[in-house]
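The values are calculated or read from the model by the stated rules, or taken from the named source; none is laboratory data. Everything numeric in this text was worked out from a predicted model, so none of it was measured. Here the Cβ positions follow ideal geometry from the backbone for every residue, glycine too, while neighbour counts run over all protein chains shown. Just the protein is used for accessible areas: all its heavy atoms, side chains included, with ligands, DNA and RNA removed. Shrake-Rupley method; radii C 1.70, N 1.55, O 1.52, S 1.80 Å.
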Amino acid sequence: MVSRILFCTTTIASILGQIPVKWVTIPLVFWSLLYCIITKLLENRCYIKIKDKTQKVLRFSPEYCCRLVTFIHGLVVTTISAGLHIKHGPVWDNLGLDNKPIHNLVLVISFGYFIFDFLWCCYMRSEGMAMLAHHVVSLFGLFYSSYYQQYGAEVTAVCFGAEITNPILQTRWFLREHNLYNHTMGIVNDYIFVFSFFFWRFVVGSYFLYRATITNEVGLVIYLGGIGLYIISLIFLYHILKFFVRKYILKLTKKNE
């Protein structure tokens, strides 16, 4: 645990030490303030969760509030990024170009969010090393593109591919909390999540990585960051498929027997 905290602290400090203050404070304050507002609005409210046929009255937890912030960030970033790439064409046709103002908007929004979520996860000790590594690589890519004002198309495309499944993932958690997960809505959400994760990260994402590999337009740092996120995504995919096979495939096989 000490090594994890030390890793988190030194990594975030090394990143923050090289970034203009306004790049950090404005987006970080925004997401932190949103979290505080949501926490304040829900602090005196409760909901009923049924577990093992027992009803429990629960207060909205810090995790619940943080997941709402994550849900909102995913919707905002994917909406802006989708509109951006629809307007300017596929990312592999815009490799290595200078950032546009809309690219910088996505970078700043996501940069602030990932700092907030990284610090929250470290403080709450809620995530493993794979997720923390994902946040560190994402922060570095966002910083690099913002600082050098290049590769905005590539980084925003990665943000889109990584965040488009996040609202679906958070919806799964909310459905579980509100006793709706074991109904049709939960099953449909699981299928959509698994399909979307695989399609965007390993169909579109693999082709994107291939195009970045055969061209000299993508800088080495951004390219290596993309490979790093791809490897981390493989770790996530392993756990997702393990869950999906256990919950749906094996369960269906036993039922048919």
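Judged by the mean number of other Cβ atoms found within 10 Å, the most tightly packed of the peptides 202-213, 116-127 leads the ranking 116-127, 202-213.
Each principal axis of the stretch 176-234 carries a Cα extent, and these read 50, 18, 15 Å when sorted largest first. Return the label of the correct value of Kirkwood radius over Cα pairs in Å, as calculated from the structure shown, out of [x] 19.7; [y] 22.3; [z] 20.6. Looking at Kirkwood radius over Cα pairs in Å for this model, the match is [x]. Principal-axis analysis of the Cα atoms of the chain puts helix 152-163 at an angle of about 10° to the longest axis.
Measuring nothing but protein heavy atoms, the accessible surface of the chain at 1.4 Å probe radius is 67 percent carbon and sulfur. With q set to 0.21, 0.29, 0.32 Å⁻¹, the log10 of I(q)/I(0) for the stretch 118-165, from the Debye formula over equal scatterers at the Cα positions, is -0.78, -1.04, -1.11. Excluding residue 191 itself, calculate the net charge of residues whose Cβ lies under 12 Å from the Cβ of residue 191, where each Lys or Arg counts +1 and each Asp or Glu counts -1. Taking every other residue near residue 191 into account, the sum is +1.
A straight chain from residue 199 to residue 25 at 0.36 nm per residue would run longer than the Cα-Cα distance by 59.2 nm. The tail of the calculated P(r) for the stretch 140-257, taken as Cα-Cα distances beyond 17 Å, holds 62 percent of the pairs.
What the Cβ-Cβ distance of residue 215 and residue 43 gives, at R0 = 35 Å and to the nearest 0.05, is a FRET efficiency of 0.10.
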